[in-house]
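Structure first, commentary second.
None of the figures in this text is laboratory data; all of them are computed from the coordinates on show. Model, not experiment: these values are computed from the prediction. Because the Cβ atoms are built from the backbone with ideal geometry, glycine has one as well, and the counts that use them run over all protein chains shown.
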Amino acid sequence: MREDAGAHAPDRASGTVYYNGACPVCRAGIESQRRRMEACGVSDIAWIDVHAHPDAALEVGTSLEAVRERLHVRAADGHIDVGADAFARLWALTPGQRWGARLLRVPGVGPAARLAYDAFARLLYRWNRARKHW
């Protein structure tokens with residue numbers, strides 16, 4: 001997977017994804033999402049692995065550990081989505097996945113998805129730390 005560090009200026013990308021490439025589960029999910037988006041013609045997203053580029057976490061105004069734990073997506077307008085909302089932003093840009101973004105707007109579904117994502121992300125973060133992936 002090509003790394004786009006440095007290629008995420010607002011005039012060059014419609015958004016920037018900040019993910020933890022040291023986590024095998026996270027990396028696999030991001031690689032799959034990126035392939036899906038590029039296959040649909042969505043190619044103006046910058047993909048930043050914060051494990052390889054730890055200072056990039058500052059671009060979303062948080063700590064490296066926060067980005068290692070939960071996916072962050074910065075839109076071209078500077079808005080930052082985290083966790084389930086970050087995935088919803090990616091899905092909204094991807095033909096065939098837009099239904100997932102719409103589903104998270106259904107009353108009750110969004111909050112439940114955020115709780116589930118946050119709980120899973122916390123457990124996955126702890127698992128990765130215990131396995132010394134970073």
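At a glance:
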| quantity | calculated |
| --- | --- |
| More than 17 Å apart - percent of Cα-Cα pairs taken over segment 50-104 | 41 |
| Difference of contour (0.36 nm per residue) and Cα-Cα distance, ARG105 to SER14 | 30.6 nm |
| Förster radius 35 Å - calculated FRET efficiency between ASP77 and TRP127 (Cβ-Cβ, nearest 0.05) | 0.55 |
| Listed peptides 67-73, 26-32 by packing density, highest first (mean Cβ within 10 Å) | 67-73, 26-32 |
| DSSP beta bridge pairing in the chain, given as percent antiparallel to the nearest 5 | 60 |
| For segment 15-130: relative contact order, % (alpha-carbon pairs under 8 angstrom, 6 or more apart) | 25 |
| Calculated Rg and Dmax of the chain using C-alpha coordinates, Å | 14.1, 39 |
